[in-house]
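Structure first, commentary second.
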Amino acid sequence: MKHLALVLVAACGSRDPGAPVGKRDAGSAIRAVVAADAAVDSPYIGVIAASESVDIAPRFEGVVAKVSVRVGDQVTAGQIVAEMDPKSMQEEQRAAEAALGAAQAAYRQAAVDLEDAKRKSALEQHGVEQGVTAATVLEEAKLAVKRSEAALEKARSTVAAETSHLQTARAHVTDTALRAPANGTVAMRFRDGGATVAAGAPILRIVEKGELRLRFAVPPDRGRELAVNTKLAVRIDTIATPVPAIVRQVAPTIDPASGMIIVEAELAPEAAIAAQLRPGLAAWVPR
């Protein structure tokens, strides 16, 4: 009512003393007061997030055979959370074995060709010494030796490359089980069984247990006033009492998408309350 009286007085003062205040003017004044009160009293909305998270992804392209967990499930370090179909990996291994076999055969052939080129070069050298072979023929024989040496080196490199491919393919066959790297909670499930995924494409996202952070956005003017180490008392879904938090970081620039300043605060709840906190819960930060 105090706000309303002030607005009404201001409204009246803007007109002639004898002029009546119409219904439209009074309604506008009331709406202005409600908007002003909402701007003052309405809290900032934030969300609880884990300080660390990890995406579970295969190191190779393939088909997802099975995803063993769902969003919200608790996982432990080393637990199998998804598996890749080994059939495509086995096919890759067989192809790599065949390619290595062909490369090894080419290497053996290149070695034989080099020995033959060296033998011919030696014969031509003897012929030149005996005066029965032209020097140009000997030079051609020496060039043939160099070409054979280059072919042998190329074949050796191909064998090394195909050997590496085979080792990778064998590792893929035995590495189809994807495991959780640490204790945590499944936050996102991006793929289901039967989906084809590229190397590095995430199947799951796991937030690790540990320190939780509160992220919220404030107007730029409020962001300049909010200092690091400011203490807050925030309201969180499912928690009856306010949870203490301390501002740890205030973004130095405005977020272009929202036009707001992003603030991150560290939650400092009691042990009993900490057990109830989960990433993704909404929170209300007092202005």
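Computed from the coordinates by the stated procedures, all read-outs in this text should not be read as laboratory data. In this text the structure is predicted, and so the values were computed from the model without any measurement. Quick reminder, even Gly has a Cβ in these numbers, built from the backbone with ideal geometry, and neighbours come from all protein chains shown.
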Only residues of region 45-79 count here: report those whose backbone N is under 19 Å from the spot 7 Å along Cα→Cβ of ALA233, or say none.
-> 45-46
Contour minus end-to-end for ALA161 and ARG278, with contour as 0.36 nm per residue of separation and end-to-end as the Cα-Cα distance?
-> 37.3 nm
Determine ³J(HN,Hα), in whole Hz, for all residues of region 200-207 in sequence, where each value follows from phi through the Karplus function 6.51 cos²θ - 1.76 cosθ + 1.60 and θ = phi - 60°; x replaces Gly and Pro.
-> x, 6, x, 9, 9, 10, 10, 9
Any idea how far apart ARG222 and THR133 come out in nm if each label point goes 7 Å out from Cα toward Cβ?
-> 9.3 nm
Express in % the proportion of alpha carbon pairs of region 87-174 at distances exceeding 17 Å.
-> 58 percent
Where labels lie 7 Å past Cα in the beta-carbon direction, separation of ARG179 and ASP73 in nm | 1.7 nm
Which ³J(HN,Hα) values in Hz, rounded to whole numbers, follow from the phi angles of region 60-73 under the Karplus curve 6.51 cos²θ - 1.76 cosθ + 1.60, where θ = phi - 60° and Gly and Pro get x?
-> 8, 6, x, 10, 6, 7, 7, 10, 8, 10, 10, 4, x, 5
D (Stokes-Einstein, µm²/s), Kirkwood Cα radius, region 175-266, 0.890 mPa s at 25 °C = 149 µm²/s
Tell me, what ³J(HN,Hα) does each residue in region 78-87 have, in order and in whole Hz, if you take phi through Karplus 6.51 cos²θ - 1.76 cosθ + 1.60 with θ = phi - 60° and put x for Gly and Pro?
-> x, 5, 6, 10, 7, 9, 9, 5, x, 4
